[in-house]
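Here's the structure we're looking at; comments come further down.
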Amino acid sequence: MAKSPLSQYKFLLIFISWWAIWGFLQVSLLIGFGLPVKTALIDSILSNSLVALSCAFLSNNMQYYLPKKERYWYILFISLSLSAIILLACKAILVPLLSEKIDGAAYALFYSKSWAVRFDIIFLQVGCMAILSVLWYSSEEEQENRQRRNDAERLAREAELFKLRQQLAPHFLFNSLNSISALIGSRPEQARKMIQQLSDFLRGNLKKEEQQWVPLSEELQYLELYLDIEKVRFGHRLDTQIICDEECLSSRLPPMLLQPIVENAIKFGLYDTTDAVIIIIRARVEAKFVIIEVENPFDPETSRPKKGTGFGLSSIQRRLYLLFARTDLLETRVAGSLFTTIVRIPQIQTP
């Protein structure tokens, strides 16, 4: 529920100051009509106090009931009704009280002649307060609704990101376990080594679950651990080369972003050939982006990589869209027998 504007010190100070200024102006006006100073002061203080309290009550009441339909008729009705009540209350208090100070007939006559002007001024004051209150609470309600929508969208986005990240580990784990199973009989030492590396990799994966962003240097270290596992699987057939500018090592990016891209490169580079393959990973800073390229050879006759194929690249593209609301941050290129995946990561302020 939206808070009353008068609950905020700044608006309360403005409210009190406005009524103080208006009270001073009313005193000057009444003295100009020939009333004594003391009488003008009492008239102004009492009448403006009633109007100010009524306006505060009206504003506070709209905190609990804000008209949705036909609100303008509601404002008109409540302003007319409240103005009439205030005017009658002022007459019931001021005329008996001030008749004792000056000639009773004179003040009663003055009040009867000025009631129309008083009513118009009170109506304007109450009406303005009602309109401002409706605008205030409508704005606050819209802001709360927008915040709720944003929170719901953020939670849904975070849930989807978490789901995507959770899917990466089993996807890689199944491949690794199959390789370990194949190595146990022929190369048990290599199998034990791979189990240890896999354990370290998954332990690092668990630590990264709570991280929103990581430095590129940390991501590359994590990637090298993954590549060590893959080199056990493929032996001399797999070689990697990482070319990274020093200036981009401190750049930040979402965790576990490179591993599925490199896994995709290994899949297309080694699965359809028995030759040795070099996968090249390049990183550089360009404008406000970190550009990461993963290049792998492939056999055009047996492998036909397409843009966005496989779980790895599709999950990366989805993660980048959820994080940056952009679809142009992932690109794939085919040049002869080379397949290149290019990721552009905007460098924004991150916690």
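Structure values in brief
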| item | result |
| --- | --- |
| In the range 4-68, the trypsin sites (Lys or Arg not before Pro) that fall in loop regions by DSSP, at most 16 other Cβ within 10 Å | Lys68 |
| Nearest-20 debye value, the range 25-129 charge dipole, Cβ charges on Lys, Arg, Asp, Glu | 240 debye |
| Tensor-based shape of the range 1-85 (alpha-carbon gyration tensor, a/c under 1.5 rounded, otherwise prolate or oblate) | oblate |
| Around Ile279: net Lys/Arg minus Asp/Glu count, Cβ-Cβ under 9 Å | -2 |
| Listed residues Arg233, Arg203, Arg326 arranged by accessible area, highest first, probe 1.4 Å | Arg203, Arg326, Arg233 |
| Overall form of the range 30-150 per C-alpha gyration tensor (a/c, 1.5; a/b vs b/c) | prolate |
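The values are calculated or read from the model by the stated rules, or taken from the named source; none is laboratory data. The structure presented is a predicted model; accordingly, all values stated were derived computationally and were not measured. All Cβ positions, glycine included, derive from the backbone under ideal geometry; neighbour counts span all protein chains shown. SASA here: full protein model, heavy atoms, side chains in, ligands and nucleic acids out. Shrake-Rupley method; radii C 1.70, N 1.55, O 1.52, S 1.80 Å.
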